[in-house]
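Below you'll find the structure, written out as structure tokens, and then a few comments.
Coordinate-derived values only; no laboratory data. Here the structure is a predicted model, which means the values were calculated and not measured. As a convention, Cβ positions derive from the backbone with ideal geometry for all residues, glycine included, and neighbour counts pool all protein chains shown.
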Amino acid sequence: MRRLLWILALLACAALALDCTPVRRGSNNNSDDDDSAGADDDDAADDDDAADDDDAADDDDAADDDDATSSYACGWPQWAGADGLADPGFEGTGSQGDRVPRLLGVDQCGEEVDLYHLGGGPPVIIAIHAAWSAPDRAMAEWLAGDQVTMLDPWDDLRDAISSGDLRWVTLLWQDTSGALASPGDVLAWADDFPNERVPVLSSEETADLMDWLGVEAIPYLTLVDGSMEILSMSENGWGPPLDLALELLDAR
């Protein structure tokens, strides 16, 4: 049934003359890579935002999430167990079951945000976008609450983001000219497509993550669990990560 909805959505999209085709990477100028790695502590700590817990937890299991004492200006989750996750770095190529590398980016509040701080709770969709891409902007409009026909089958995910049952982070890769997105571009994107639940980050490490994931076209979505391990990737379009996120929500 979901496959039928996907097909119908694409047909409806074509009828509206909206370019829903993922844009191949390289159609605009790519930014320089900046290979940097995050923390490499192999022992995961139990989550407690008031203080770090001395008891170590299994690195492969996400701890219970507690966002009550987040210090981020925008109020994003700040999982205390983040420093306990082993960071694989950007060497090699990622695949399903691997943990995504740790990444730092500047958000719409002008503050540096740690990608791993979004872990420890519900699944997270990591979306890589470019400001010059029409499909990326359509997805951002949908997240902001607009009706976008091609995304109608996944409207429940948008509701889940609002309720906190699903997390979404946007990595803004490039600006409208194809240059590396700046904090100013992030602020403009967040103003154009407001959603107080969605961090929008600019980072020099986004290109490194794209290389690690093997991104060939955008928008590119990666669904990860609470321990930041990959559940689904946009290897065959961005539908599969959204479909699996729906299945996980239905199973709750």
- What are the residues whose amide H is under 5 Å from the amide H of residue 99, where those residues sit 5 or more places off or on another chain and H is modelled from the backbone? 230
- So what J values fall out for the stretch 209-218 if you push phi through Karplus, 6.51 cos²θ - 1.76 cosθ + 1.60 with θ = phi - 60°, rounded to Hz, Gly and Pro as x? 5, 5, 5, 5, 7, x, 5, 10, 8, 10
- Here the residues of the stretch 198-222 lying in the modelled label zone of residue 104, meaning backbone nitrogen under 17 Å from a point 7 Å along Cα-to-Cβ, are 201-209
- Gain upon complete extension [residue 111, residue 96; 0.36 nm per residue less C-alpha separation]: 2.4 nm
- Would you list the P(r) distribution for the stretch 79-216, with all Cα-Cα distances sorted into 10 Å bins from 0 and each bin expressed as a whole %? 12, 42, 38, 9, 0
- Note on the structure: Phi-derived 3J(HN,Hα) across the stretch 140-145 with the Karplus relation (6.51, -1.76, 1.60, θ = phi - 60°), rounded Hz, x for Gly and Pro, is 5, 4, 4, 5, 7, x
- Quick one: which residues, 5+ away or cross-chain, put their amide H under 5 Å from the amide H of residue 220? H built at 1.01 Å from N. 128
- Kindly identify the stretch 102-180 as rounded, prolate or oblate by the Cα gyration tensor criterion: order the square roots of the eigenvalues as a ≥ b ≥ c, call it rounded if a/c is under 1.5, otherwise compare a/b with b/c, prolate if a/b is larger, else oblate. oblate
- Query: Mind listing the phi-derived Karplus ³J(HN,Hα) values for the stretch 221-230, rounded to whole Hz, using 6.51, -1.76 and 1.60 with θ = phi - 60°, and x for any glycine or proline?
  - Reply: 10, 10, 9, 10, 8, x, 9, 6, 9, 6
- Task: Mind jotting down the distance between the C-alpha centroids of the stretch 126-141 and the stretch 72-91, whole Å?
- Result: 24
- On the formula 1/(1 + (r/R0)^6), with r taken between the Cβ atoms of residue 134 and residue 86 and R0 of 41 Å, the FRET efficiency rounded to 0.05 is 0.60
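With Rg and the Kirkwood Rh both taken from Cα atoms, where does Rg over Rh land for the stretch 171-252?
0.99
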- 5 angstrom amide H check on residue 201, placed H, neighbours 5+ away: 170, 171, 172
